[in-house]
Amino acid sequence: MDLHKNKYDRETLKKNIYSLNLVEILKTHHLDYSFVVRYILNTNYQFTKEEQLITIDDVVRFQPHLDKVILEKECFTDDNDSVLGFDN
């Protein structure tokens, strides 16, 4: 899959998430809050050092349509705590 030449829908990205670089997805695709929280910022999918260094500030820089405050709230809701590695 060529993330730079093609735009893929959410389902295609999800199906191929293990073979894609999260940083490249972040830089090349228009993402929503849910996808960012569930995949881009999810420690379960961050396999490379580069992926593990992704911050909320990085997300907002590459996804300027996303609001930082809303993204932070989405990251720390009870439903997403375990997804982000913040088990209670």
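The values are calculated or read from the model by the stated rules, or taken from the named source; none is laboratory data. Being a predicted model, the structure only gives us computed values, none of them experimental. Every residue, glycine as well, gets a Cβ built from its backbone with ideal geometry; the counts of neighbours run over all protein chains shown.
Report, by residue number, each residue of the range 57-66 that is farther than 21 Å from LYS5 by Cα and surrounded by 14 or more Cβ atoms within 10 Å (Cβ to Cβ).
Residues satisfying the conditions are ASP58, VAL60, LEU66.
Is at least one residue of the range 75-84 assigned to a loop (DSSP other than H, G, I, E, B), at negative phi, crowded, with 17+ Cβ neighbours inside 10 Å and modelled with pLDDT of 95 or more?
no
Specify the residue that is modelled with the highest pLDDT; the eligible residues are those in the range 6-22 that are part of a loop (DSSP other than H, G, I, E, B), more than 12 Å from the chain's Cα centre (by Cα) and surrounded by 12 or more Cβ atoms within 10 Å (Cβ to Cβ). Spell out the reasoning first.
Of all residues in the range 6-22, those part of a loop (DSSP other than H, G, I, E, B) come to 6-9, 16, 20-21.
Subsequent filtering for residues that are more than 12 Å from the chain's Cα centre (by Cα) retains 6-9, 16.
Filter once more, so that each one left must be surrounded by 12 or more Cβ atoms within 10 Å (Cβ to Cβ): 8, 16.
Working: TYR8: 89, ASN16: 94.
Filtering the range 6-22 for residues that are part of a loop (DSSP other than H, G, I, E, B), more than 12 Å from the chain's Cα centre (by Cα) and surrounded by 12 or more Cβ atoms within 10 Å (Cβ to Cβ), the one modelled with the highest pLDDT comes out as ASN16.
Hey, among ASN16, ASN44, ASN21, which residue is over 26 Å from THR77 (Cβ atoms) and touching a residue at least 24 places away in the same chain (Cβ under 8 Å)? First the steps, then the outcome.
Numbers: ASN16 fails: touching a residue at least 24 places away in the same chain (Cβ under 8 Å); ASN44 fails: over 26 Å from THR77 (Cβ atoms).
Exactly one residue qualifies, and that residue is ASN21.
Please state which one of ILE40, ILE54, ILE25 is surrounded by 15 or more Cβ atoms within 10 Å (Cβ to Cβ), closer than 16 Å to MET1 by Cβ and out of contact with any Gly (no Cβ under 8 Å at 6 or more places or on another chain). Please lay out each step first, then the result.
Numbers: ILE40 fails: closer than 16 Å to MET1 by Cβ; ILE54 fails: closer than 16 Å to MET1 by Cβ.
Criteria check complete, one pass: ILE25.
Can you pull out the residues in the range 29-46 that are touching a Phe, Trp or Tyr at 6+ places or on another chain (Cβ under 9 Å) and within 10 Å of PHE62 (Cβ to Cβ)?
The answer is HIS29, LEU31.
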